[in-house]
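For reference, the structure I am asking about is given below.
None of the figures in this text is laboratory data; all of them are computed from the coordinates on show. The structure displayed is predicted, hence computed values, not measured ones. Backbone-built Cβ (ideal geometry, glycine too); neighbour counts: all protein chains shown.
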Amino acid sequence: MPPRSTAAHPLQPTQPARPDALYTDPRLAACYDTFDGERDDLDHYRAILGEHGARSVLDVGCGTGSLATSLALEGLAVTGVDPARASLEIARAKPGGDAVTWVHGTAEELPTLEADAAVMTGNVAQVFVTDEAWAGALQAIRRTLRDGGVLVFESRRPERRAWEEWAADTAESEHEVQGIGRVRTRQVGFEMALPLVTFADEFRFEDGTTLTSSSTLRWRNEAELRSTLDDAGFAVSEIREAPDRPGREFVVIARAV
Ligand SMILES: C[S@@+](CC[C@H](N)C(=O)[O-])C[C@H]1O[C@@H](n2cnc3c(N)ncnc32)[C@H](O)[C@@H]1O
């Protein structure tokens, strides 16, 4: 049984060897887009990339490729990188999927590019739980951007304390997933050891299968984001709000210097 506790305790985080089951299990990956609903969070990224005139984009932790495929359909050169093969298979099958270069690997295993821009949507930045993993991801992204290229990503604001809502959210929800059927989900574990929060969700399928996915996320404040970007060769040009989640997210725009 996954943990259910809200006691803060000192923790030496270790970077998970592989992404959460939600992204790597084929059956769960096939549900991801339905669970995530309307992706109006991605409009903001499209607008920022347009402001910067980006024609080539690296989507780090692209998952099921919602942004990557939509950018490719607009004629941009897009590379999507993710260590979850099952998510990449969903991405590849979408309209525009055949125009994207898909790379199965982690942020630290990025291909050599001279990209205009890199993005991390859906709070991918928070999956890097150790300082080493986060620094390694930023350095790899810097290497793959051209000088003057732009990195755009979001990370939840710790002062907003979203985990308090998550801890209280134990209600069961139900989704109808095309090709899969009805899926019932509920949170079955929650542990807070700031700056880390771990939660586990259970997914019950109509055929009786039950799968569980556990995630650990790291919260970084604005000063930490700025100093780690600076160390990796970026200059923060702006930190915006996410229009669809005001007050909840840092949307960081940083230049490769
Ligand atoms: C919340 S999902 C976001 C997916 C996508 N960006 C979106 O907006 O839908 C987090 C993604 O990060 C990926 N991920 C986990 N560890 C990673 C790593 N070390 N490098 C790159 N991506 C990683 C997961 O496989 C998953 O697809």
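I'd like the antiparallel share, as a percent to the nearest 5, of DSSP beta bridges with both residues in the chain.
Numbers: 37 of 56 bridges.
The answer is about 65 percent antiparallel.
While we're here: With the cut-off at 1.5 for a/c, could you classify the chain from its C-alpha gyration tensor as rounded, prolate or oblate? If you can, show how the numbers build up before the last one.
Numbers: a/c = 1.77, a/b = 1.22, b/c = 1.45.
Note, shape of the chain comes out oblate.
How high is the relative contact order of the stretch 1-143? Use alpha-carbon pairs under 8 Å, at least six apart in sequence, and give a whole percent. If you can, show how the numbers build up before the last one.
Numbers: 202 pairs, mean separation 35.3, N = 143.
Result for the stretch 1-143 is 25 percent.
Please give the charge dipole size of the stretch 127-257, origin at the Cα centre, charges +1 on K and R Cβ atoms and -1 on D and E Cβ atoms. Round to the nearest 20 debye.
Details: 18 positive and 24 negative charges, 84 e Å.
In total the dipole reaches around 400 debye.
Moving on to the next point. Just check the stretch 36-166 against the gyration tensor rule for me: Cα atoms, a ≥ b ≥ c as the square roots of the eigenvalues, rounded for a/c under 1.5, and otherwise prolate or oblate depending on whether a/b exceeds b/c. Please list the in-between numbers first.
Numbers: a/c = 1.36, a/b = 1.20, b/c = 1.13.
Rounded is the answer for the stretch 36-166, as its axis ratio a/c remains below 1.5.
In debye, nearest 20, what is the charge dipole magnitude of the chain about its Cα centre with +1 on Lys and Arg Cβ and -1 on Asp and Glu Cβ, if you could check?
Once rounded to the nearest 20, the dipole reads 280 debye.
Quick one: Cα centre-to-centre distance for the stretch 185-227 and the stretch 121-177, in angstrom?
Between the Cα centre of the stretch 185-227 and that of the stretch 121-177, the gap is 12 Å.
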